[in-house]
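Scroll down for the structure; my scribbles are underneath it.
The values are calculated or read from the model by the stated rules, or taken from the named source; none is laboratory data. Just so you know, these numbers come straight off a predicted model, no measurement behind them. Cβ placement follows ideal geometry from the backbone for every residue including glycine, while neighbour counts extend to all protein chains displayed. Ligands, DNA and RNA are excluded from the accessible area calculation, which covers all protein heavy atoms including side chains. Shrake-Rupley method; radii C 1.70, N 1.55, O 1.52, S 1.80 Å.
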Amino acid sequence: MDSSMARKRLDVGILGATGTVGQQLIRILSRHPWFRPAWLAASERSEGRRYAEAAAWRLPDPLPGDTAALEVQPCTPGRGPKLVFSALDATAAKDIEPEFARAGHVVVSNARSYRMDDDVPLLIPEVNPDHLGLMARQRRERGWPGAIVTNPNCSTVVLAMVLAPLRPFGIKSVAVTTLQAVSGAGYPGVPSLDILGNVVPWIQNEEEKMQTETKKILGSYDAESVTPHPVVVTAQTTRVPVIDGHTETVSVALDERPGVEEVRQALASFRARPQTLRLPTAPDTPIVCVDASDRPQPRLDVWRGDGMTITVGRIRECPVLGIKLVALGHNTVRGAAGAAVLNAELMLADGRLEGD
């Protein structure tokens, strides 16, 4: 990417700017060297008000003053910058995001609405950057000057990041159980009497998303289509009384049956295009392996790499599948807002915001 482009901040918009993910987007983008949050949109109850009045700011970082003064706009296509980040819920995103793409916007979406569409990239830049090639097919077949690019479900991101470095060993099957933070349910989230001192062993649609999205992300791209990876994934998802950070216990069957140290080395040495390009939101080390027997822990490890690093521990032999481990990722950063920003950085670096 041309160094002059890196110095010029590009105006961007945020759909659903007042919610949990929208606030994380504002936090990240307000200090971003390439992007500047210049246009904020939300529901009718917020539009026309200053952002500081419309949003109950719930992050420990102070609300940036220039953002606080922005007037919240309606989610009207054609009125905001070309690049917009969508933190809309799936119901709203299903109707609104295509209208923005049709009006020429590039929508970087957190919603599930279009993740599994054949012509929509489901992107983790470290894992499947070549899937951005689907943008050309999407624009051609739908007649859009814009596009929709999605990032995965917050629990899928953690799993796919861990599995990606193991692809050379031949991934056959995976069993994963999640312990997911309450912030993943948005605000106000899960009622306190349901979650305090408790584990809720079901999260709507989460297991299905992990079992299908992982196959698409790890799949091979060729001639404007993705062939899903043949891995079989079985998932059990739970909600636990943790504020931020999804923990996952993962067992993996691999064709080559590598030893524990081989697996650890593959994870710890994993680097990809975002690290080569030195994208601003990309952590230098996307996966950190810890040795302590009681790590990773959300309270101690979730903010590693400013929330963009996956922390892995307890790598050991599994008597059933071969290898098992514990992984942790920040669900609203690496699993949502940070993932979307990193996707946009890769698109800008690859020249995909203007066309293909």
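Would you mind getting the accessible area per residue of the chain, heavy atoms of the protein chains only, 1.4 Å probe, in Å²? If you can, show how the numbers build up before the last one.
Numbers: 14890 Å² over 356 residues.
I get 42 Å² per residue for this part.
Please go through the residue pairs Lys82/Lys215; Lys172/Lys216; Lys94/Lys209; Lys8/Lys82 and name each one whose alpha carbons sit more than 24 Å apart in this structure.
Pairs exceeding 24 Å: Lys82/Lys215.
List every residue whose amide H lies under 5 Å from the amide H of Ile203, counting only residues 5 or more places away in sequence or on a different chain, with H placed 1.01 Å from N in the peptide plane.
It is Thr237, by chain and number.
Counting Lys and Arg as +1 and Asp and Glu as -1, each charge on the Cβ, what is the dipole of segment 72-166 about the Cα centre in debye, to the nearest 20? Walk me through the intermediate numbers first.
Details: 10 positive and 10 negative charges, 54 e Å.
In total the dipole reaches around 260 debye.
How far is helix 20-29 tilted, in degrees, relative to the longest principal axis of the Cα atoms in the chain, given as a value from 0 to 90 rounded to the nearest 10?
Roughly 80 degrees, rounded to the nearest 10.
How long is segment 212-356 along each principal axis, judged by its Cα atoms, biggest number first, in Å?
50, 34, 29
Of all the C-alpha pairs in the chain, what % are more than 40 Å from each other? Don't jump to the answer; show the numbers that get you there.
Numbers: 5892 of 63190 pairs.
For the chain, the share of Cα pairs beyond 40 Å comes to 9 percent.
Taking only Cα atoms and a 10 Å spring cutoff, compute GNM fluctuations for the chain and point out the largest among Val199, Val120, Val242.
Val199
Got a sec to turn the phi values of segment 138-147 into Karplus ³J(HN,Hα) couplings, 6.51 cos²θ - 1.76 cosθ + 1.60 with θ = phi - 60°, whole Hz, x for Gly and Pro?
Per residue, the Karplus-derived 3J(HN,Hα) values read 4, 5, 5, 6, 9, x, 9, x, x, 6 Hz.
Taking each pair of distinct Cα atoms in segment 199-279 once, what is the resulting Kirkwood hydrodynamic radius in Å? Walk me through the intermediate numbers first.
Numbers: mean 1/r = 0.0631 Å⁻¹.
It is 15.9 Å.
Restricting to DSSP H runs of at least four residues, report the calculated mean residue ellipticity at 222 nm for the chain, -39500 (n - 2.57) per run over all residues, nearest 500 deg cm²/dmol.
It lands at -7500 deg cm²/dmol.
Nearest 10 degrees is fine. How inclined is helix 338-349 to the longest principal axis of the chain, computing both from alpha carbons?
70 degrees
Return an integer: the convex hull volume of the alpha-carbon atoms of segment 1-113, in Å³ per residue.
Details: hull volume 11.9 nm³, N = 113.
Here the figure is 106 Å³ per residue.
Roughly how many whole Å is it from the C-alpha centroid of segment 188-213 to that of segment 72-143?
26 Å
Between the helical axis of 154-163 and the dominant principal axis of the chain, each derived from Cα atoms, what acute angle in degrees is found, rounded to the nearest 10?
For 154-163 against the chain, the angle is about 50 degrees.
Please report the net charge: other residues with Cβ closer than 11 Å to the Cβ of Ile243, K and R +1, D and E -1.
On the way: positive: Arg58, Arg299; negative: Asp244.
For residues surrounding Ile243, the net value is +1.
Given the options Ala17, Ala282, Ala56, which has the most mean-square fluctuation in a GNM of the chain, springs set between C-alpha atoms less than 10 angstrom apart?
Ala56
If I take the Cα coordinates of segment 287-356 and project them onto the principal axes, what are the three extents in Å, biggest first?
The principal-axis extents, from largest down, are 50, 28, 16 Å.
Explain nothing, just compute: Karplus ³J(HN,Hα) = 6.51 cos²θ - 1.76 cosθ + 1.60, θ = phi - 60°, for every residue of segment 177-193 in order, whole Hz, x for Gly and Pro.
10, 9, 10, 9, 5, 5, 5, x, 8, x, 10, x, x, 7, x, 4, 6
Using a Gaussian network model on the chain with a 10 Å cutoff between Cα atoms, which of Val12, Val333, Val107 fluctuates the most?
Val12
Could you tell me the relative contact order of segment 1-105? Use alpha-carbon pairs under 8 Å, at least six residues apart, and round to a whole percent. Show your work: numbers first, answer last.
On the way: 178 pairs, mean separation 32.4, N = 105.
Relative contact order here is 31 percent.
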